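Visitor: Can you read through this structure? Questions will come right after.
The values are calculated or read from the model by the stated rules, or taken from the named source; none is laboratory data. What you see is a predicted model; the values in this text were computed from it and never measured. Cβ coordinates were reconstructed from backbone atoms using ideal geometry, including for glycine residues, and neighbour counts include every protein chain displayed. When the accessible area is computed, the model is the full protein with side chains, heavy atoms only, and any ligands, DNA or RNA have been set aside. Shrake-Rupley method; radii C 1.70, N 1.55, O 1.52, S 1.80 Å.
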Amino acid sequence: MIRPDAPLLLEIRDLHARVEDQPILKGVNLTLRAGEIHAVMGRNGSGKSTLSKVLAGHPAYTVTAGSVTYRGADLLELDPEQRARIGLFLGFQYPVEIPGVSNLEFLRVATNARRAERGEDELDTFAFEDLVRERLKVVQMDPAFLERSVNEGFSGGEKKRNEILQMALLEPLVAILDETDSGLDIDALRIVADGVSQLAGPDNATLLITHYQRLLDLITPDYVHVMAAGRILRTGGKELALELERTGYDWVDQELANLEATGEREPVEVA
Amino acid sequence: MSTATVGDLVSQPYKHGFVTDIETEKIAKGLSEDVVRLISSKKDEPDFLLAFRLRAYRQWLQMDEPNWAALGYPGIDYQNIIYYAAPKQQEKKASLDEVDPKLLETFEKLGIPLSEQKRLSNVAVDAVFDSVSIATTYREKLAEHGVIFCSISEAVKEHPDLIEQYLGTVVPSNDNYFAALNSAVFSDGSFVFIPKGVECPMELSTYFRINSADTGQFERTLIVAEEGASVSYLEGCTAPMFDTNQLHAAVVELVVLDDASIKYSTVQNWYAGDENGVGGIYNFVTKRGQCRGDRSRISWTQVETGSAITWKYPSCVLQGADSVGEFYSVALTNNRQQADTGTKMIHVGPRTRSTIVSKGISAGHSSNSYRGLVQIGPKAVGAKNYSQCDSMLIGDQAAANTYPYIRSQQPDAAVEHEASTCRISADQLFYLQTRGIGFEEAVSMMVSGFCRDVFNQLPMEFAAEADKLLALKLEGSVG
């Protein structure tokens, strides 16, 4: 839902980032207001996943220029855990398995870290069980998954549902979902998309990173951004995604070549 | 952004490294037959014990230090060690009021309050300072149940028949180099006797503190559970930080008769040396239990976090039919620490069963080896063993090894062995962080999850302690 007067949640300005010596993001601009759903599309290697990791604070990526403002504060100053506590959420494309750590206990510690930041009381194990059982419904997940180790032995679909369950518990203001649709069969995709739709509301914003239209058939985006070579090349409404579906990404190559020709090269990085 | 690494987290300063300033009676450095006689006479021992010591000393002289473990250290100069050191106070005091307050204060600082008002409500404690036991709490209450819990020196005086009957019967004096040395010079330790049919009404615990520099600690523990008796016993250990290495060579013997059980837990936190491997305790320990009776049971649980060198294989000899041996171990090494630890399960009787669960965590430049033997004798019809050895690596400079030995002379036996190695990965840490869980807590969650099977075996009062101890070792400054 687009409301021009809705509060600004996330403002990305001319963001540059590299991993080791390899520049990946080369000037990303993006603004998320409350109530909006954005989709970022693009080919493999266009920088989509890097953008999500940089926003979450992955230590392997170094920001070399630009700024990210989260509700008026400098996001890049914060540790990943602090970003999470103030309401930024990253749903992983490949959630890792953490053997030995109980899923229930992990969810409880994470939820309490977010609650503490919001000035809410810590939930004990009993109160938390009540909450988690209610939120399980969002993703139609079997409570048996709570008793297992975090993601250990979960199928691809179960892992993604566990991600959305975490989102339901942490109630983020900005949720970035990195290829949440990848590796899901049609039923799992529907459940996950349904969960995300339930959680999207007037006070939060969602950034969907995806290759495919099929997720956007289930969750209608307000904006679609096409990423290539580390920046956003074009922004449009939901029809842009349909156009991509129809025409593919060949025009992107053409557009990039035109940019090169007109001399708009990547800014030179100053060491 | 966080610049801390997991390595920073595991290099937490040692918190028990202080020295108590107390007048100590020490004998001159070095070992000879005269020194053995001197120790025995200081303790006013009966002849049988002096004979036991002298025989052990002569055996030791004929033996060579073992070199088969995956450990590297400069040779130990046995003539440069003090074999007896005791805080100066005359007799063991009848009441705690008469114990030097400095000693009480030391134990209080270590979290082991001994005084009547503060002591742990359900745990009887024997506190050993350097070579002597300074206090044992709740003795009268235990005596009402017929349970004997005292220092081994006192037991020698008050129950010489029991000592003569059992001492050296599980670990003979010539068992190995360090056991022989201990048998010759052991100073103090604990003695526990649970009579027939008695379930010990409280946890028993011995706390070992090395205080003097250049002193070896050679304690000796003997626990006997008669028919149908049971006891849970815990030992804890700390030492000050010295830049020289100190030798700790203990012997622990357990004897279990028909239907009896002993649960023996250790939380070992000797000084481990600094990050360059200077100083620290050399821990060469022989621990063995004998399930002599049918349906008897011995369970070893150890949490090993300290020592520069750990050489330790708590073992079970399963003689009685249907007897059970268990070994649950967590060994954490960091910096230049080296651990070669595991167990031996010797199945002698029919239908004997054993379980081994070993969790090794190696960080820094440390080396952590599991070494275990499962031996099934010809009469052990229907014997069963299950072993699980898991290693966790933190950083990329640490080493983990597993050396399982299986010898079976019984075709009917079932022996299972599982092993795994894992690493705390940057991706796992990042994942937990993106859920609002701080870096330190994330590491600690993963380590404690890895160790859970073992912590579940600790007596309740100490399970939380062990978790805290590991967290302490893993805690550090992030930023």
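Visitor: From Cα pairs below 8 angstrom and at least 6 apart in sequence, can you work out the relative contact order of the stretch B:6-474, rounded to a whole percent?
Guide: Relative contact order here is 11 percent.
Visitor: What are the extents of the Cα atoms of the stretch A:1-101 along their three principal axes, listed from largest to smallest and rounded to whole Å?
Guide: 44, 34, 28
Visitor: Follow-up question, since we're still on this one. With bins 10 Å wide starting at 0, give me the P(r) of the stretch B:6-474 over every alpha carbon pair, in whole percents.
Guide: 4, 21, 32, 28, 13, 2, 0
Visitor: In deg cm²/dmol and to the nearest 500, what is the mean residue ellipticity at 222 nm of chain A if only DSSP H runs of at least 4 residues count, each as -39500 (n - 2.57), divided by the residue total?
Guide: Computed mean residue ellipticity for chain A: -11000 deg cm²/dmol.
Visitor: Among bridges DSSP assigns within chain A, what percent are antiparallel (round to 5)?
Guide: 60
Visitor: If DNA, RNA and ligands are ignored and the probe is 1.4 Å, what is the ranking of A:Trp251, B:Trp270 by accessible area, most exposed first?
Guide: Details: A:Trp251 45, B:Trp270 0 Å².
The residues order as A:Trp251, B:Trp270, largest area first.
Visitor: So for B:Val128, A:Val96, what's the accessible-area order with a 1.4 Å probe, most first?
Guide: So, going from the largest accessible area down, we get A:Val96, B:Val128.
Visitor: Hey, another quick one. Taking the Cα centre of the protein assembly as shown as origin, sum charge times position over the Cβ atoms of Lys and Arg (+1) and Asp and Glu (-1), and report the length of that vector in debye to the nearest 20. Mind dumping the intermediate values first?
Guide: Values: 72 positive and 105 negative charges, 201 e Å.
Roughly 960 debye for the protein assembly as shown.
Visitor: May I pose another question? What FRET efficiency, computed as 1/(1 + (r/R0)^6) with R0 = 25 Å and r the Cβ-Cβ distance, is obtained for B:His145 and B:Gln165, rounded to the nearest 0.05?
Guide: Here the calculated transfer efficiency is 0.75.
Visitor: How many percent of DSSP beta bridges within the protein assembly as shown run antiparallel, rounded to 5?
Guide: Here the antiparallel bridges make up roughly 20 percent for the protein assembly as shown.
Visitor: Net charge within 13 Å of B:His365 by Cβ-Cβ distance, Lys/Arg positive one each and Asp/Glu negative one each, not counting B:His365 itself?
Guide: Neighbourhood net charge equals -2.
Visitor: When each pair of different Cα atoms in the stretch B:156-239 is counted once in the 1/r mean, what is the Kirkwood radius in angstroms, to one decimal?
Guide: Every distinct Cα pair counted, the radius reaches 14.4 Å.
Visitor: Would you please give the residues with an amide H less than 5 Å from that of B:Gly289, counting only those at least 5 places away or on a separate chain, with H modeled from the backbone geometry?
Guide: Under 5 Å from the amide H of B:Gly289 lie the amide H atoms of B:Leu254, B:Ser315, B:Cys316, B:Val317, each far enough along the sequence or on another chain.
Visitor: Moving on. Could you report the buried accessible area between B and A, both sides summed, computed with a 1.4 Å probe and given in Å² to the nearest 100?
Guide: On the way: alone 18760 and 13050 Å², together 29590 Å².
What B and A bury together is about 2200 Å².
Visitor: Another question, then. With the contact rule set at Cα under 8 Å and sequence spacing of 6 or more, what percent relative contact order holds for chain A?
Guide: This gives 26 percent for chain A.
Visitor: Report relative contact order for the stretch B:279-365 in percent, whole number only (criteria: Cα-Cα under 8 Å, sequence separation at least 6).
Guide: Once divided by the residue count of the stretch B:279-365, the mean separation gives 31 percent.
Visitor: Using a Förster radius of 51 Å, what is the FRET efficiency between B:Glu23 and B:Gln397 based on their Cβ-Cβ separation? Nearest 0.05, please. The partial results should precede the final answer.
Guide: Details: r = 44 Å, r/R0 = 0.85.
Result of the calculation: an efficiency of 0.70.
Visitor: Counting only the heavy atoms of the protein chains, how much of A:Ile2 is accessible to a 1.4 Å probe, in Å² to the nearest 10?
Guide: Accessible surface of A:Ile2 is approximately 90 Å².
Visitor: Over the protein assembly as shown, consider all pairs of different Cα atoms and compute the Kirkwood hydrodynamic radius from their mean reciprocal separation; express it in Å, one decimal. Walk me through the numbers on the way to the answer.
Guide: Working: mean 1/r = 0.0343 Å⁻¹.
Hydrodynamic radius (Kirkwood, Cα only) of the protein assembly as shown equals 29.1 Å.
Visitor: Just tell me which aspartates and glutamates come within less than 15 Å, Cα to Cα, of B:Lys196; anything on the same chain fewer than 8 places away is out.
Guide: B:Glu144, B:Glu226, B:Glu227, B:Asp258, B:Asp259, B:Asp294
Visitor: Further question: Could you state how much accessible area B:Trp68 has, in square angstrom rounded to the nearest 10, with a 1.4 Å probe and all protein chains kept in place?
Guide: 130
Visitor: So what is the accessible area of the protein assembly as shown per residue, in Å², with the probe set to 1.4 Å?
Guide: 39
Visitor: Could the peptides B:373-379, B:410-416, B:252-258, B:49-55 be put in order, highest first, of the mean number of other beta-carbon atoms found within 10 Å of their residues?
Guide: Ranking the peptides B:373-379, B:410-416, B:252-258, B:49-55 by packing returns B:252-258, B:373-379, B:49-55, B:410-416.
Visitor: How large is the accessible surface of A:Lys160 in square angstrom, using a 1.4 angstrom probe and rounding to the nearest 10?
Guide: Only protein atoms counted, so the area is about 10 Å².
Visitor: How many Cβ atoms of partner chains, on average, are near each residue of A:72-81 if near means within 10 Å of its Cβ?
Guide: Across A:72-81, the average partner-chain Cβ count within 10 Å equals 4.
Visitor: To continue, here is another question. Under 14 Å from the Cβ of B:Arg351, count the other residues' Cβ atoms, weight Lys and Arg +1, Asp and Glu -1, and hand me the total.
Guide: Around B:Arg351, the surrounding residues sum to +2.
Visitor: Too long at a 22 Å Cα-Cα cut-off: which of B:Lys43/B:Lys344; A:Lys48/A:Lys137; A:Lys137/A:Lys159; B:Lys42/B:Lys141; B:Lys312/B:Lys359?
Guide: In this structure, B:Lys43/B:Lys344; A:Lys48/A:Lys137; B:Lys42/B:Lys141 exceed 22 Å between Cα atoms.
Visitor: Can you give the FRET efficiency to the nearest 0.05 for A:Arg190 and A:Arg43, using r as the Cβ-Cβ distance and R₀ = 35 Å?
Guide: Between A:Arg190 and A:Arg43 the formula returns 0.85.
Visitor: Still on this structure, please answer the following. Could you pull out every one of the aspartates and glutamates with an alpha carbon less than 17 Å from that of A:Lys238, ignoring same-chain neighbours closer than 8 positions?
Guide: Cross-link targets: A:Glu36, A:Asp217, A:Asp222.
Visitor: Related question: Using amide H atoms built 1.01 Å from N in the peptide plane, name the residues 5+ places from B:Asn211, or on other chains, whose amide H lies under 5 Å from its own.
Guide: Long-range HN contacts for B:Asn211: B:Asp130.
Visitor: Could you sort B:Asp340, A:Asp21 by accessible area so the largest value comes first, with the probe set to 1.4 Å?
Guide: The ranking, largest first, comes out as A:Asp21, B:Asp340.
Visitor: Taking only the Cα atoms of chain A, how large is their convex hull per residue, in Å³?
Guide: On the way: hull volume 36.4 nm³, N = 271.
Considering the Cα atoms of chain A, their hull volume per residue is 134 Å³.
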